[in-house]
Number of protein chains: 2
Amino acid sequence: MSLSHRVPDLGALELLLAVARHGSLGRAARDVGITQPAASSRIRSMERQLGVALVDRSPRGSRLTAAGALVTDWARRVVEAAEAFDAGAQALRDRRDSRLRVAASMTIAEYLLPGWLIALRAERPDTAVSLRAGNSTAVAAGLLAGEADLGYVEGLAVPEGLDAVVVAHDRLVVVAAPSHRWARRRAPLTPAELAATPLVLREYGSGTRQVLDAALAEYGGLADPLLELASTTAVKAAAVTGAGPAVLSELAVTEELASRRLVEVPVEGVHLHRALRAVWPTGPLPTGPARDLLSLARG
Amino acid sequence: MSLSHRVPDLGALELLLAVARHGSLGRAARDVGITQPAASSRIRSMERQLGVALVDRSPRGSRLTAAGALVTDWARRVVEAAEAFDAGAQALRDRRDSRLRVAASMTIAEYLLPGWLIALRAERPDTAVSLRAGNSTAVAAGLLAGEADLGYVEGLAVPEGLDAVVVAHDRLVVVAAPSHRWARRRAPLTPAELAATPLVLREYGSGTRQVLDAALAEYGGLADPLLELASTTAVKAAAVTGAGPAVLSELAVTEELASRRLVEVPVEGVHLHRALRAVWPTGPLPTGPARDLLSLARG
DNA sequence: AGAGACTCATAAATTCAGTTTATGGGGTCA
DNA sequence: TGACCCCATAAACTGAATTTATGAGTCTCT
């Protein structure tokens, strides 16, 4: 039986958050745009489904139970992920007649832009944003061709013809499954060790790989990869199942590190750090919606 | 119009992930337990809803489009949050006749345990886990009374009568809204500055507050709080809206930091670090399911 | 070249869950 | 005590997602 049969749907989770906010089923119902009986029945069936009482009903309102508070926090994380999904999807959808066209590298589009777009929508609700994902070269080409208003890149250098400002930092981390021997090391890895070990990596040309190549060049360069995979997710999956150590953006593995499906392996003496930059065609700072988005995230 | 009208439901997102995995609508359908036409129609309506083509259908299978790959990654994050919800809820539900009863402090129960429980279920699918959340004292009492088999605490000291092992580390971070003046500082805060400034904090008695009090004791102790709130989420919300700087567990604010709704303010010379420990009644290491869970996450 | 196995799309009937409208019971405050 | 808030229940309705049944296209193997 799959997840969707054991987890309430998004509407129910939103309703639960609304109940937590308002302290009343009826007001929560109005907030999410349904009637009070509908809310009552929905919360009730959610409690049946989870087998736990979530709210204490009283004639002067409803308060979360202790279990309800815990469940609400988990629900909040699901809803936040859904908001990020929505922000990204909306950007993707509005590609036609949009007013702000953003081009971004994969890591940024995946992990950071959705959050920024939520914030942008909170401040400028009627800004329609479109999003295109590609590597640095594609982002630069899009900007110079006038097909995008603002770009985000993660490479080492700023592409020719663009101005840039650092908006965030990213660190590459070496990760391994908890069962891997590197996970039990006390001493940090030396760069030479890292360079000499076959790793699970993104395919050649990715931003991650560029930085890693540059950092390890003086230590004899990267060994031939153990596996070369096409997506960050595939690399993570391979590392989790113990195929071998991998090097990935910190942004991509926070979840796995927190839940200990992966363990970070410290490395000494190498700069596996990279700046994430906003870029635009050489000239004055962007204006209008691009400026708004830019000012939300400044490194 | 609320989120749930713009975001596909969890079943649809799971289906999309299955399509990405299998490269075929039909096989994905079998994977999630529906028929092929249902999958076809579901993906189609998801594409209508998002206004973007997600998969390239061909007579020998379906591959994600570029936009589809991006959407799938966002979908994966929603599904992962839902899995964490499920793991937590399941633990909560099975509190009656369960074989492994866990008691944990709030931060750990909220942010770490769901991930560990997912991992545990992957290895030992038929272990029923129950979860109780409370402060260190409650966790200790539960263990000593034989009402819990394994505990997790985040205080500074190990409660009397318990043995402990460090399973993870947590760092307290000072955060502020991007509009706050601290967000623009170049120089790190001094401990004295931090101690002298009224902050948004959890109420007295929380683990976070304990550590902070201890660390700043020698600098004159904590100033009277700006706001004292009952939950981590409330503190975050207050900080995001610019009420003032807050001090929170790193685990609780990764999302906000990544999306730049909050900015970390560096502090020099104070140990805002705390160990997260697994605890059990003094004596031999736990055995059985408790040992399994313990071995998943070892600091 | 034709048979079989695979792919996905379409159509019509069915089923089921969630909703609204309407009502009732219980508590609180002037 | 009457007005107003809270929530629960019942019954009818609505609509969306599903299943079964079918068709059409492509590739492979004989």
at A:Gly23 the sorted inter-copy label distances (label 7 Å from Cα on Cβ side), in nanometres, are 5.7
Per the C-alpha gyration tensor (a ≥ b ≥ c, the square roots of its eigenvalues), chain B is rounded if a/c is under 1.5, else prolate if a/b beats b/c, else oblate; here it's oblate
Magnitude of the Cβ-charge dipole (Lys and Arg +1, Asp and Glu -1) of the protein assembly as shown about the Cα centre, nearest 20 debye, reported as 1380 debye
Among chymotrypsin sites (Phe, Trp or Tyr not before Pro) in the range A:156-221, those in a DSSP loop whose Cβ has at most 12 other Cβ atoms within 10 Å are A:Tyr204
Per the rule of 0.36 nm per residue minus the C-alpha distance, extending B:Asp56 to B:Tyr204 adds in nm 47.7 nm
Per GNM of chain B with C-alpha springs under 10 angstrom, the most fluctuating residue out of B:Gly61, B:Gly244, B:Gly221 is B:Gly61
Interchain or sequence-distant (5+) residues whose placed amide H lies within less than 5 Å of the amide H of A:Ala128 are A:Arg99, A:Leu100
With the 8 Å Cα cutoff and a minimum separation of six or more residues, the range B:159-291 has a relative contact order in percent of 45 percent
Per the charge dipole of the range A:198-267 (beta-carbon charges, Lys/Arg positive, Asp/Glu negative, Cα centre), the residue among A:Leu201, A:Leu248, A:Ala238 reaching farthest to the positive end is A:Ala238
Hull volume per residue for the range B:1-113, using the convex hull of the C-alpha atoms, in Å³ is 143 Å³
The ³J(HN,Hα) series, computed from each phi in the range A:57-66 with the Karplus coefficients 6.51, -1.76 and 1.60 at θ = phi - 60°, rounded to the nearest Hz and given as x for glycine or proline, is 8, 9, x, 10, x, 10, 10, 5, 6, 4
Per residue, accessible area of the range A:42-110 with a 1.4 Å probe, heavy atoms of protein chains only, in Å², comes to 42 Å²
Taking only the alpha-carbon atoms of the protein assembly as shown, the convex hull volume per residue, in cubic angstrom, is 167 Å³
Given unit charges at Cβ for Lys, Arg (+) and Asp, Glu (-), the dipole magnitude of chain B about its Cα centre in debye, nearest 20, is 1280 debye
Connecting every pair of Cα atoms under 10 Å apart in chain B and solving the GNM, the largest mean-square fluctuation among B:Glu264, B:Glu47, B:Glu250 falls on B:Glu47
Along the range B:236-247, Karplus-curve 3J(HN,Hα) (6.51, -1.76, 1.60; θ = phi - 60°) to the nearest Hz, with x for Gly and Pro, reads 4, 4, 5, 5, 4, 7, x, 4, x, x, 9, 10
With the dipole of the protein assembly as shown defined by +1 on each Lys or Arg Cβ and -1 on each Asp or Glu Cβ, the option from A:Val174, B:Ser136, B:Pro289 whose Cα lies farthest towards the positive pole is B:Pro289
Contact order relative to length for chain B, counting C-alpha pairs under 8 Å separated by 6 or more residues, stands in percent at 19 percent
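Rounded to the nearest 5, what % of DSSP beta bridges with both residues in the protein assembly as shown are antiparallel? Please list the in-between numbers first.
Details: 46 of 72 bridges.
In the protein assembly as shown, approximately 65 percent of DSSP beta bridges are antiparallel ones.
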Calc'd 3J(HN,Hα), the range A:213-228, phi into Karplus 6.51 cos²θ - 1.76 cosθ + 1.60 (θ = phi - 60°), Hz, glycine/Pro = x, comes to 4, 4, 5, 9, 4, 6, 9, x, x, 5, 5, 4, x, 6, 9, 10
Among A:Ala109, A:Ala187, A:Gly88, the residue whose Cα sits farthest towards the positive end of the charge dipole of chain A, when +1 is placed on the Cβ of each Lys and Arg and -1 on the Cβ of each Asp and Glu, is A:Gly88
For A:Arg57, inter-copy label-point distances (7 Å, Cα→Cβ), nm, shortest first, read 4.5
Those trypsin sites (Lys or Arg not before Pro) from the range B:1-98 that are DSSP loop and have at most 12 other Cβ neighbours within 10 Å turn out to be B:Arg60, B:Arg96
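How would the range A:76-214 be classified by its alpha-carbon gyration tensor: rounded, prolate or oblate, with rounded meaning a/c under 1.5 and the a/b versus b/c comparison settling the rest? Before the final figure, lay out each step's value.
On the way: a/c = 2.90, a/b = 1.61, b/c = 1.80.
It comes out oblate by the Cα gyration axes.
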Answer in debye to the nearest 20: the dipole magnitude of the range B:181-275 about its Cα centre, from +1 Lys/Arg and -1 Asp/Glu charges placed on Cβ, is 360 debye
Shortest first and in nm, the label-point separations between A:Glu193 and its counterparts in the other identical copies (7 Å out along Cα→Cβ) come to 3.8
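For the range A:164-272, just say rounded, prolate or oblate: build the C-alpha gyration tensor, square-root its eigenvalues into a ≥ b ≥ c, call rounded for a/c under 1.5, and beyond that prolate if a/b exceeds b/c, oblate if not.
Values: a/c = 1.27, a/b = 1.11, b/c = 1.15.
Taking the square roots of the gyration eigenvalues as a ≥ b ≥ c, the range A:164-272 is rounded.
Determine the calculated [θ] at 222 nm for the protein assembly as shown from helices alone, applying -39500 (n - 2.57) to every DSSP H run no shorter than 4 residues and normalising by the residue count; nearest 500 deg cm²/dmol. The partial results should precede the final answer.
On the way: 25 runs with 268 residues, N = 598.
Computed ellipticity for the protein assembly as shown at 222 nm equals -13500 deg cm²/dmol.
The values are calculated or read from the model by the stated rules, or taken from the named source; none is laboratory data. These numbers come from a predicted model, not from an experiment. Neighbour counts are summed over all protein chains in view; Cβ atoms, including those assigned to glycine, are modelled from backbone coordinates with ideal geometry. These accessible areas exclude ligands, DNA and RNA; they are computed on the full protein's heavy atoms, side chains included. Shrake-Rupley method; radii C 1.70, N 1.55, O 1.52, S 1.80 Å.
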